[in-house]
C-alpha cells in the first residue's frame, strides 16, 4: 500500500523526539565547521551496548587508511556520575562518512530506519552550515562594498595608489609622488587587493 512521501528531514525520529523543534540536533552536533554524531547516540538509537559500538569503531579504524581515520573519527572522554561517583568513558565522534561506514554493520528494518534518520540529520545540519557560510559571505561583501564607498574619505591615499599601480608605476616612484614611505604603499596595495581594487 502506498504511503505519503514525507521528507526525512521533517520526520527524523518523530516517534520519540517529536517535542524537539530541530530533531537533527538530537542525532548530530555542530562545533564550528565540524558536524558529527557520536558513539553514545549510535548505541542508543540502534539498540547496541556502547562497548560493542566502540569495538566496531576501533575495528573499522584499524582497517582504514590513516587519512580517513584522522578525518572521520575523533575520541574524547566523557565524564558522568554513577551513585555520585565520578566516572569516565571513551566516546568516539564520527563525521557523515564515518557514520556511514559504521552503519553498514547494522541490519534489520529498525536499523535501516535509523540509518536514514541519521543521514537526513547530517544533511539538514550541513545545509544549516552552508546557509550560515553564505550569510557570512554576503554580510562580508556588503560591508566591503560599504567600506569601498567611503574609502576616499577614510583612506585618501588608497585610490591614488591603485591608479598609479594600474599605470605600472613602481612602489618607490609611488611613494615619492605621494610623499609616503614604500612600506605605506605596500600596505595600501594590500588593502586594495582585499577589496578587489587590485588583482591578487
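Read-outs: derived from the displayed coordinates by stated rules, not from any lab. Remember, it's a predicted structure, so these values are computed and weren't measured experimentally. Note that each Cβ is placed from the backbone with ideal geometry, even for glycine, and that neighbours are counted across all protein chains shown.
So the values come out like this:
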read-out	value
Stretchable slack from residue 200 to residue 63, in nm (0.36 nm times residue separation minus alpha-carbon distance)	45.0 nm
Cα gyration tensor shape for the range 74-181, rounded if a/c is under 1.5, else prolate or oblate	prolate
Cα centroid of the range 54-79 to Cα centroid of the range 90-123, whole Å	14
Fewest-first sequence of 50, 96 by Cβ atoms within 10 Å of each Cβ	50, 96
Burial ordering of 186, 107, 37, 95, fewest other beta-carbon atoms within 10 Å first	107, 186, 95, 37
Relative contact order [Cα under 8 Å, 6+ residues apart], the range 8-128, whole percent	36
Mean Cβ neighbour count within 10 Å, used as a protection proxy, ranking 78-88, 173-183 highest first	173-183, 78-88
Cα-based shape type of the range 8-128, given that a ≥ b ≥ c are square roots of the gyration tensor eigenvalues and the cut on a/c is 1.5	rounded
